[in-house]
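Since every read-out is calculated from the coordinates, none of them should be taken as a lab result. As the structure is a prediction and not an experimental result, all values here were calculated from the model.
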Amino acid sequence: MGIILPSQGSSCKMPPRLEDNWVEGHTNCYAKYWIYPSTAQELGGLIEDVYTARIARAHLINNSNDMMKKNSKCRIQYITH
């Protein structure tokens, strides 16, 4: 699950593992990402979708990239946060 924060606008770049599991249009892929939700109810719906995907879309998982580790280098600013 990826959520684009308002401060990122269109400059957002997905982490490699999220990108590997996302297909434009959200069809036939495991991962999804959205623009920051405007209500708690909208956020709840997104979380529900992701929770259901653990089983319903598990066969679509692609884990060919390494898992992100603590203190990873930012792919936009190229610094460690």
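The HN-Hα couplings worked out from phi for the range 33-43 by the Karplus form 6.51 cos²θ - 1.76 cosθ + 1.60 (θ = phi - 60°) are 9, 9, 6, 3, x, 8, 9, 5, 5, 5, 4 Hz, whole numbers, x standing for Gly and Pro. Around the amide H of residue 22, modelled in the peptide plane, lie the amide H atoms of 31, all under 5 Å away and 5 or more residues distant in sequence or on another chain. In order along the range 50-59, phi translates into HN-Hα couplings of 5, 4, 5, 5, 3, 9, 5, 10, 4, 5 Hz, rounded to whole numbers, per the Karplus curve 6.51 cos²θ - 1.76 cosθ + 1.60 with θ = phi - 60° and x for Gly and Pro. Amide H to amide H distances under 5 Å link residue 3 with 34, where only residues 5 or more positions off or on other chains count and H is placed in the peptide plane.
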